[in-house]
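Novice: After the structure tokens below, expect a handful of questions from me.
The values are calculated or read from the model by the stated rules, or taken from the named source; none is laboratory data. Predicted model, so just to flag it, every value in this text is computed and none were measured. Cβ coordinates were reconstructed from backbone atoms using ideal geometry, including for glycine residues, and neighbour counts include every protein chain displayed. Accessible surface areas use protein heavy atoms only, side chains included; no ligands, DNA or RNA. Shrake-Rupley method; radii C 1.70, N 1.55, O 1.52, S 1.80 Å.
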Amino acid sequence: MKDNLVIVGLDIGTTKITTVIGEIAADGSVDIIGEGTVPSEGIKRGAVVNLERTTAAIRTSVAAA
């Protein structure tokens, strides 16, 4: 079996961006090892209106996780 299998979930919404990082344990369960939530920027009504601001918010969420 491989060591340190990591999965990442990214939820990009109109009001917030959330990143969750999990590690798959030997028994198949997932242990949450990081979470980051930041206010969404550059998104309006579900559409990206400013790519640079959206990218920066995603990077901030991932770094917080």
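Novice: What three numbers, in Å, describe the spread of the alpha carbons of the chain along their principal axes, ordered from the longest?
Specialist: 43, 18, 16
Novice: When the helix-only estimate is applied to the chain (DSSP H runs of n ≥ 4, each -39,500 (n - 2.57), divided by the residue count), what is the mean residue ellipticity at 222 nm, nearest 500 deg cm²/dmol?
Specialist: That calculation yields -7000 deg cm²/dmol at 222 nm.
Novice: Could you derive backbone 3J(HN,Hα) for the range 26-35 from the dihedral phi with the Karplus parameters 6.51, -1.76 and 1.60 (θ = phi - 60°), listing whole Hz in sequence and x where the residue is Gly or Pro?
Specialist: Result, ordered by residue: 4, 7, x, 6, 10, 9, 6, 10, x, 8 Hz.
Novice: About the Cα centre, and with charges only on the beta carbon of Lys, Arg (+1) and Asp, Glu (-1), how big is the dipole of the chain? Nearest 20 debye, please.
Specialist: Working: 6 positive and 8 negative charges, 95 e Å.
Dipole about the Cα centre, nearest 20: 460 debye.
Novice: Computing the accessible area with a 1.4 Å probe over protein heavy atoms, can you report the carbon and sulfur percentage for the chain?
Specialist: Details: 2480 of 4560 Å².
Percent of accessible area from carbon and sulfur atoms in the chain: 54.
Novice: Then there's this: Per residue of the range 13-22, in order, report the coupling 6.51 cos²θ - 1.76 cosθ + 1.60 (Karplus, θ = phi - 60°) as ³J(HN,Hα) in whole Hz, putting x for Gly and Pro.
Specialist: In residue order, the calculated couplings are x, 6, 9, 8, 10, 10, 10, 10, 10, x Hz.
Novice: Also, quick follow-up: Return one whole number: the accessible area per residue of the chain in Å², for a 1.4 Å probe.
Specialist: Details: 4560 Å² over 65 residues.
Using a 1.4 Å probe on heavy atoms only, each residue of the chain averages 70 Å².
Novice: Still on this model: For Val6, project a label point 7 Å along Cα to C-beta. Then give me every residue of the range 33-51 with its amide nitrogen under 18 Å of that point.
Specialist: 33-37
Novice: Return one number: the angle in degrees, 0 to 90 and rounded to the nearest 10, between the long axis of the Cα atoms of helix 51-64 and the longest principal axis of the Cα atoms of the chain.
Specialist: The angle comes out at about 30 degrees.
Novice: What order do you get for 43-50, 57-64 when each peptide is scored by the mean count of other beta carbon atoms within 10 Å, highest first?
Specialist: For the peptides 43-50, 57-64, the packing ranking is 57-64, 43-50.
Novice: Let me ask another. Mind giving me the FRET efficiency for Ile32 and Arg59? R0 is 25 Å, r the Cβ-Cβ distance, nearest 0.05 is fine. Provide the component values of the computation, followed by the final result.
Specialist: Working: r = 20 Å, r/R0 = 0.81.
With R0 = 25 Å, the Cβ-Cβ based efficiency is 0.80.
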